[in-house]
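Q: Okay, handing you the structure first.
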Amino acid sequence: MTRRLILTLLLTAVLPAVGLATPREREYRLHPKDVAASPSYVQRVEPAIVAVRVRSDPNAASSARLGSRRFATGIIFDTRGYVVTVTYVLTDAASIEVQMRDGRTVDGRLVGLDLESGLGVVKLAGDGPWPAARLGESRDVTSGMLTGTVGVDEDNDLIQVTGAVHAVRRFSSFWEYMLDRAFIVSPSSPAWGGSAVVNAAGEVIGVASLRLGDPPHVNLAIPIEKFTPVKDELIATGRVMSRRPRPWLGLYTAAIKGGVVVDDFAPAGPARTAGFRKGDRIVSVNGVTVVSQEEFYEQLWRGQAGDVVQVAVQRGGGVHVISVRSMDRYLLLRPLTP
């Protein structure tokens, strides 16, 4: 009995070791050369990503704030060679140079600007066909949706950032600009201006426009729904003619807690000589009280370009009503070449 017990104990100790030594099926692992360097959504949109270099007239009004040499990412959205990018790069463009992903450089021509959305269109020289990105559906985008932001830097190196939609909300800024629906995307891309914001299928759902906030920054993205319905009109006529021209004052404002104040003036805007002063607090437009930058724009844009706008401002201990004739801002831009 003692001998049998010893043998059983020996077998119990040895069998687990034998089991561990039994050959297993080898786990398959990809060789590094077989692993894609970029996510699939990047691979789908990358051929349509271009570098856009713009030179504007140094004496143009926009050059004082934006400089005369500008750079952004562009997205080819039409095989005929049409590129969408941000308007602040294209405004008053005297020459445009576009660099493809393979390093080729081609001339570009400004064909359309939509200052209301902040997007413009450039035509590449040559018939193509050019590689084009697929424009997706942005109306169903909600906070938390995963995204990729794909663009290029000034060396034409691809910059891609995987992130998510941080928020979907209204956005306004100082230069009489507002989107009723904008995407706030995080983390920010180092090459934000004009970069494609894409969904998991590699479809363009937005165009990154600005970097916002303090580090870690976020990006403002213009939903592609602002561009898709008007892109053909921009190509055909240079602007959205089906939309009545907004009244423009050239009044730069700053949002403060519970209000909006005059901060500066566009050099060629009618507000510059109308009697406003920096620090004036805007309290009403055409008799309607406003308490935010968004409300100021909503009331201003109820009319059309050319209307006389009555803006009441609080200055010192009194209220002053300033009459200013608005204008169509497009009349100040450099004419588009045919």
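The values are calculated or read from the model by the stated rules, or taken from the named source; none is laboratory data. A quick note: this is a predicted structure, and the numbers were derived from the prediction, not measured. Quick reminder, even Gly has a Cβ in these numbers, built from the backbone with ideal geometry, and neighbours come from all protein chains shown.
Q: Can you tell me which residue among Leu113, Leu119, Leu90, Leu135 is in contact with an Asp or Glu (Cβ under 9 Å, 6 or more places away or on another chain) and either under 18 Å from Ile235 (Cα atoms) or among the small types (Gly, Ala, Ser) (or both)?
A: Leu135
Q: Further question: Does any residue of segment 78-87 turn out to be on the phi > 0 side of the Ramachandran plot, within 21 Å of the chain's Cα centre (by Cα) and buried (at least 19 other Cβ atoms within 10 Å of the Cβ)?
A: yes
Q: Here's a follow-up. All but one of (1) outside any helix (DSSP H, G or I); (2) free of Cβ contacts under 8 Å to residues at least 12 places away in the same chain hold for Asp232; which doesn't?
A: (1) is the only condition that Asp232 fails.
Q: Identify the single condition in (1) modelled with pLDDT of 95 or more; (2) more than 23 Å from the chain's Cα centre (by Cα) that Gly238 does not satisfy, given that it satisfies every other one.
A: If we test Gly238 against (1) modelled with pLDDT of 95 or more; (2) more than 23 Å from the chain's Cα centre (by Cα), just (2) comes out false.
Q: Quick one: Val291 ticks every box in (1) assigned to a loop (DSSP other than H, G, I, E, B); (2) over 28 Å from the mean Cα position of the chain (by Cα) bar one, so which box is it?
A: Every listed condition holds for Val291 apart from (2).
Q: Give me the residue from segment 154-172 that is in contact (Cβ under 8 Å) with a residue 60 or more places away in the chain and out of contact with any Asp or Glu (no Cβ under 7 Å at 6 or more places or on another chain) and, out of that set, nearest to Thr105 (Cα to Cα).
A: Here the residue is Asn156.
Q: Listed residues Arg239, Arg243, Arg302, Arg277; which is of a type in the set (D, E, K, R), in contact with a Gly (Cβ under 8 Å, 6 or more places away or on another chain) and outside any strand (DSSP E or B)?
A: Numbers: Arg243 fails: in contact with a Gly (Cβ under 8 Å, 6 or more places away or on another chain); Arg302 fails: in contact with a Gly (Cβ under 8 Å, 6 or more places away or on another chain); Arg277 fails: in contact with a Gly (Cβ under 8 Å, 6 or more places away or on another chain).
Result: Arg239 is the single residue among Arg239, Arg243, Arg302, Arg277 that is of a type in the set (D, E, K, R), in contact with a Gly (Cβ under 8 Å, 6 or more places away or on another chain) and outside any strand (DSSP E or B).
Q: Here's something else I'd like to know. Filter segment 293-318 down to residues that are more than 30 Å from Val121 (Cβ to Cβ) and surrounded by fewer than 13 Cβ atoms within 10 Å (Cβ to Cβ), then give me how many there are.
A: The total comes to 4.
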